[in-house]
Amino acid sequence: LVRLRAKLARSQNALGRGLLAVLSRDHLDDDSWDEIEESLIGADVGVEATGQIVTKLRERTRIQGTRTATELRTMLADELIAALDPGMDRSLAATPKDGKPAVILVVGVNGAGKTTTCGKIARVLVADGHTVVLGAADTFRAAAADQLATWGSRVGASVVRGPEGGDPAAVAFDAVRRGTEDGVDTVLIDTAGRLQNKIGLMDELGKVKRVVEKHGPVGETLLILDATTGQNGLEQARVFTEVCDVTGVVLTKLDGTAKGGIVIAVQRKLGIPVKLVGLGEGPDDLAPFEPEAFVNALLG
Ligand code: GDP
């Protein structure tokens, strides 16, 4: 929790400062509620979710007659945690089934942190004793395959790549074939995230998915989302949820934003569990997402 707090220092400040001022007052009046609302919206919790959270809080304080700052903080934490649907399954489908490797497709717009996240996930899996093949199916970004190869040698995963500008689906196919032949546990496929048009994206990801499915079902499709892009990023994310069956979200760059509340907006708008969070560029800067620890770190 201490480490999470340090990494979320910026988010914590943004949400914390405004709330701290309100929570340190003796009485709650309409202005206080406005300020709580502003702090939440300012932290990117989203207008809709903020409205719901504040309405619930007002109701609870009215019924219970809460007036102390500590009580209100506890209630706010409860509501934020509840908004994150703490009961959702956030585990990663990374274990092989019927002798076939689990395949994880990694999707998202360019620059969101797909390649980095593939590397970090591979590191965690390898450290847990899994064997991993990384597929460099982002053949459009010149450096992506090299970047993934670097991660592979760093963390001890083999990397399958194709020619630059080649067919992403062919690379995905080769990666799954290699993973199957080598009997590895998990194949992670880094895809390209060109979002010029929805049809193109749908065609490309659809093709990748189809070739992978020749070996067996895709275990997981992870959408990588850059937390610093805020509500705009959320709109882009929606396109991916429309074109492929996203099973989990990884929210990256939470270390670089003062708006950690975006996690709540993402979870509520997409209805897909945030499974992991990226907290920096280093190999260890990936954490499982735990609503309770996260909210506590956010509120300081
Ligand atoms: P891709 O185009 O989606 O594959 O994105 P990359 O993996 O190349 O990442 C784009 C940039 O974001 C790189 O400079 C990464 O080091 C950086 N990055 C990725 N994840 C994080 C994160 O959690 N925190 C920070 N601060 N930077 C990150």
Considering the chain as a Gaussian network with a 10 Å cut-off on Cα pairs, which listed residue, GLY152, GLY108, GLY200, attains the greatest mean-square fluctuation?
GLY200
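Please give the contour-minus-distance gain from MET88 to ARG25: 0.36 nm per residue of separation, less the Cα-Cα distance, rounded to one decimal in nm. Don't jump to the answer; show the numbers that get you there.
Details: separation 63, 0.36 × 63 = 22.68 nm, distance 3.54 nm.
Fully extending the segment from MET88 to ARG25 adds 19.1 nm.
So what's the back-of-envelope 222 nm ellipticity for the chain, counting only DSSP H runs of four-plus at -39500 (n - 2.57) apiece and dividing by all residues, rounded to 500? Mind dumping the intermediate values first?
On the way: 12 runs with 156 residues, N = 300.
Dividing the helical sum by the residues of the chain leaves -16500 deg cm²/dmol.
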Surrounding net charge for MET202, when Lys and Arg each add one and Asp and Glu each subtract one, Cβ distance under 13 Å
+1
Simple label model, 7 Å out from Cα along Cβ direction - ASP203 to ALA293, nm
4.4 nm
Just to confirm the number: angle between the C-alpha axis of helix 9-23 and the first principal axis of the chain, 0 to 90 degrees, nearest 10?
20 degrees
Under a crude label model (7 Å from the Cα following the beta-carbon direction), how far is GLN64 from ASN232 in nanometres?
3.9 nm
Dimensions in Å of the chain - Rg and Dmax from alpha carbons
20.7, 67
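Counting only DSSP beta bridges with both residues in the chain, what percent are antiparallel, rounded to the nearest 5? Mind dumping the intermediate values first?
On the way: 4 of 31 bridges.
Taking every DSSP beta bridge within the chain, about 15 percent pair in antiparallel fashion.
Output needed for region 183-300: three equivalent-ellipsoid semi-axes, defined as square roots of 5 times the C-alpha gyration tensor eigenvalues, in descending order, whole Å. Don't jump to the answer; show the numbers that get you there.
Values: eigenvalues 139, 61, 30 Å².
The equivalent ellipsoid of region 183-300 has semi-axes of 26, 17, 12 Å.
Can you tell me the accessible area per residue over region 76-184, all protein chains present, probe 1.4 angstrom, in square angstrom? If you can, show how the numbers build up before the last one.
Values: 4470 Å² over 109 residues.
Each residue of region 76-184 exposes 41 Å² on average to a 1.4 Å probe.
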Considering only protein heavy atoms and a probe of 1.4 Å, how much of the accessible area of the chain is carbon and sulfur, as a whole percent?
49 percent
Too long at a 30 Å Cα-Cα cut-off: which of LYS7/LYS100; LYS56/LYS275; LYS7/LYS207; LYS114/LYS269; LYS56/LYS198; LYS7/LYS198?
LYS7/LYS100; LYS7/LYS207; LYS56/LYS198; LYS7/LYS198
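Pulled fully out, how much extra length does the chain show between ASN110 and GLU71, if you take 0.36 nm times their separation in residues and subtract their Cα-Cα distance?
9.7 nm
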So what is the relative contact order for region 145-300, in percent, with contacts set as C-alpha pairs under 8 Å and at least six apart?
15 percent
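The values are calculated or read from the model by the stated rules, or taken from the named source; none is laboratory data. Keep in mind it's a predicted model, so treat the numbers as computed, not measured. In this analysis, Cβ positions are derived from the backbone assuming ideal geometry, glycine residues included, and neighbour counts consider all displayed protein chains. These area figures cover heavy atoms from the full protein model, side chains too; ligands, DNA and RNA do not enter into them. Shrake-Rupley method; radii C 1.70, N 1.55, O 1.52, S 1.80 Å.
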